[in-house]
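The structure appears right after this line, and notes come after that.
The values are calculated or read from the model by the stated rules, or taken from the named source; none is laboratory data. Since we're looking at a predicted model, the values are computed, not measured. Note that we place each Cβ from the backbone using ideal geometry, even for glycine, and neighbour counts take in every protein chain shown. Accessible surface areas use protein heavy atoms only, side chains included; no ligands, DNA or RNA. Shrake-Rupley method; radii C 1.70, N 1.55, O 1.52, S 1.80 Å.
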Amino acid sequence: MALGMAAGRMGAARGVTATRASTSERERCESAVWWNRRAIGRRRVVVRAIGWDREAAENAAENAEKAAAAEARRRTSNARAAPPAMIPAAFDDDLMISFDDDEEDVGEDDKEMEERALIEATVARLRSRQALGKTLMTEKPKAPVAMTAGAKAARKLGRNTVKKSDWQSFVDWKTLEHQEFETLSDEEFAKLSKKLALEPQWRPMVSYLKSLGLKTRDLEKVAINCTDLLNRPVSRVISRVEYLEGELGLEKKNLRQIVNKDPRILLQRNRHSIPRCRYLTKIGLPQEKLADVLGKQPSILHLSVQKGLMPRVQYLKDEVGVSAEDIPLLIQRSPAVLTFSIENQIQPRVEFLYDLGISKENVVKMLTRHPQMLQYSFENLEEKLKFLGDIGMDDNEAALTVTRLSQFFSLSVEDSLRPKFKYMTDELGGTKDTCVKYPAYFSLSLDNRIRPRHKFLEQFDLAPDPFPMKLLSVRDDEFVLRASKSLNEFEEYKTQMVPIFTAQTAREKSLRMNSSMAQHEKLLLERRRVEFIRRNQQETARQREMSDRVAKARQSLRILRNSQHRSR
C-alpha cells in the first residue's frame, strides 16, 4: 500500500509538472495551431503541433509512422507502455490525444491495436524530440545548385589558404626544436613582420626558410606569391627539402635558387618529382647534372612527362633533327627549352633560321651550341641582322656569320657589336670581310682582350697592320712570345691598363648616349618646328579665306545699296 501511495504521489507530481510546462510552452509559442484529422478504423485522432504548416506536418507524420513501426510492434508484443522518460512535460496530454466517446466501438482486434500503438509511439517520439530541444520538422533538401568554374576555383582556393592554427604553430616549434634548427629571435621576427606583414603563426616556417639561406627579398617573394608555403606544416617542408638534397643532390645554393624562382616546389609531393627526374636521366642527362638543371629551371618538376617533357624532346629529335646524344647537352645549356611552347616559340624561330638560308644541319649546330636562341624575340633577331646589313654584308655572308657564331644574337648592338666593329676598322685595319672570316671576334671582350693585346704590341712597335685575328684567339702565354716578353709583364700591363680602357669605353658610351639623346631632342625640335610651320600655314590660309569672304560680302552689300539707290 505504501508503494501504491508513493506511486500515486509521483504520478500526481508528474501531472502538475506537465501541466505547468505545457502552460509555459503555450504562452511562449506564437505560431498558429492547426488540426489534422485522420480516421483510423472507427476512431479519430487529433494531433496538435506547434509551429508546423499543413504540408510539412503531413510529411512528418508519414515519416514518423514508418520510423516508429518497429518500436510500436515491440511495445505491443511485450504488452507494456512507453517508459515515463518518453513522455516529457512539454506537451499537454489533454490537447495531444483525445478519443470520441460517442462513436461506435468496433472491437479490440489485433489490427486496430497495432494502429493505435503506432499512433501513440509517433506522439511519444515527437514529445521526446521536443524535450531534447530538437526540431520537429526538418526542411526539405534543396536541389543542388550548379557551381561555375570560377566559384569552384574560389572555393578550392579558400580551402587551400586556411590560416595556420595556434596548435599547428606549436607543433612547428616543437619540430624545429627536435631538428635543432636555429629560430628567429623576437626582435628579428618583429622587424621582418613589420616589413613583410607576416602572421605570428608563420614564425616557425620563416625561421626554417631563413636557415636554408633565404634573404629578406626572397621571403618577400614567398609571402607575396606563395602564402600556402607559410601555412604548410614545417615537418612536411623539412621532408621535402631532405628529399631534394638527398635524392636529387641539390646544394644550399641550388635550393635557395629554386625557392627564389618557384617556391611551390616545396609544396609538391616527392612522388610527383620522381617521374620527371627519372625521365630526364632516361634520355641521357647525367645524375650529377640534374641538380644544376633543376636549379636553373625548377618549373620542370611541374610539367607532365607525357604531355609536357616528352613532346618537346620528340620534336627536337624528329622535326629539328637534334641527335639523341646532343639532347642532354642542349638541356644542360638551356633547361628552359623544355618549357617552351612548340607552336608559339620553338617552331617559329626554327623556321626563321631556315628563311635566312641556313641549312638544317647548321640550324641543328646553332641550337645545340646556343639553345638560348629559341627564347629571343623576333625584334631582337631582326636588329642583329640589320646591323650586319649596315656594315655591308649580304644575306649569304650574314647567314654564314650567325652560323659560325651561335651566340651572335645574344650580343648587344650598341654596347658590343658596333664598338668592336668600329675598333676593328679604325685601329686594327680590318673590314667586313674580316668579320665574315673571323666572326668569333665579336665574342671577345673589347676592354679585357682586344684592346690590351693590340696596345701591348703597339708600344713595342710589334703590332702589324692589319692586325692578325689569330693573336686575339691564342692564350696569354702564347701571345707574349710574339713580343718576346714574359707573362708577368703582360699581366702587370693588363692590371694597369684594363681599368683605363674600361673607363674610356664607359665614357664613350656616355658620350654616345648623350649624342643619341641630343639627336633625339634635335629630332623632337625639328618635328615641333615643322608642326609650328604647318599650323601657321593653316592659320594663314584660314585667315586669307576669311578675308576673301568678308571682301565678297562687302562688295555684295555695296552693289545692293547702289541698286537700291538707282531704283529710288
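Here are some notes:
- Full extension of the chain segment joining T495 with N396 gains 31.6 nm, where the gain is 0.36 nm per residue of separation less the Cα-Cα distance.
- Taking 0.36 nm per residue of separation and subtracting the current Cα-Cα distance, fully stretching the chain between D228 and N270 would add 13.4 nm.
- Simple label model, 7 Å out from Cα along Cβ direction - V550 to D415, nm: 6.1 nm
- With bins 5 Å wide beginning at 0, the percent of Cα pairs of region 313-416 falling in each bin runs 2, 12, 24, 27, 18, 10, 5, 1.
- Whole-number D in µm² s⁻¹ for region 280-369, Kirkwood Cα-pair radius fed into Stokes-Einstein, 10 °C, 1.306 mPa s: 117 µm²/s
- Inter-centroid distance (Cα atoms) of region 308-381 relative to region 442-506, Å: 37 Å
- Full-stretch length increase - Q372, Q543 - with 0.36 nm per residue and alpha-carbon distance subtracted: 55.3 nm
- Where labels lie 7 Å past Cα in the beta-carbon direction, separation of S486 and R527 in nm: 6.1 nm
- The modelled label-to-label distance between K307 and Q332, using points 7 Å beyond Cα along the C-beta direction, is 3.2 nm.
- Region 280-369, accessible surface, carbon-and-sulfur percent (1.4 angstrom probe): 46 percent
- Pairs over the 31 Å Cα-Cα cut-off, from the set K384/K485; K289/K422; K365/K422; K455/K509: K384/K485; K289/K422.
- Measuring nothing but how far apart in sequence close Cα pairs (under 8 Å, 6+ apart) lie, relative to its length, region 181-268 scores a relative contact order of 30 percent.
- Distance histogram in 10 Å bins (all Cα pairs of region 351-409, percent per bin): 24, 63, 14
- Positive-end residue of L511, I559, Q496, charge dipole of region 483-568 with Cβ unit charges: I559
- Cα gyration tensor shape of region 181-268, rounded if a/c is under 1.5, else prolate or oblate by comparing a/b with b/c: prolate
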